[in-house]
Amino acid sequence: MSVDRSLKVKAGLLRQRNVWTRAERIEALHKSRRWNEGDDVLGLPKVRTVFTSKGKKKKGKKQDDDE
């Protein structure tokens, strides 16, 4: 019996996750100064996940050596 393609992990998690662990949320809130040491770790505010989108490849500019 073979393992489904979606369950195989080749190089770790390659795509962006939309669920964060509590430690990741605290770190993000700490960077944005919305959480300080000693604050309650339960009931944390939401943290927006920023997804990176693949854009089109930029073509290299052609340099004219004639001029």
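Every number in this text was worked out from the coordinates using simple rules, so none of it is lab data. Given the structure is predicted, the values throughout are model-derived calculations rather than measurements. When we count neighbours, we look across all protein chains shown, and the Cβ atoms used for this are built from the backbone with ideal geometry, even at glycine.
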### Message
Applying a 10 Å radius around every beta-carbon, put 19-30, 38-49 in order of their mean neighbour count, most first.
### Response
19-30, 38-49
### Task
Using label points projected 7 Å from each Cα along Cα→Cβ, tell me how many nm separate residue 52 and residue 16, to one decimal.
1.0
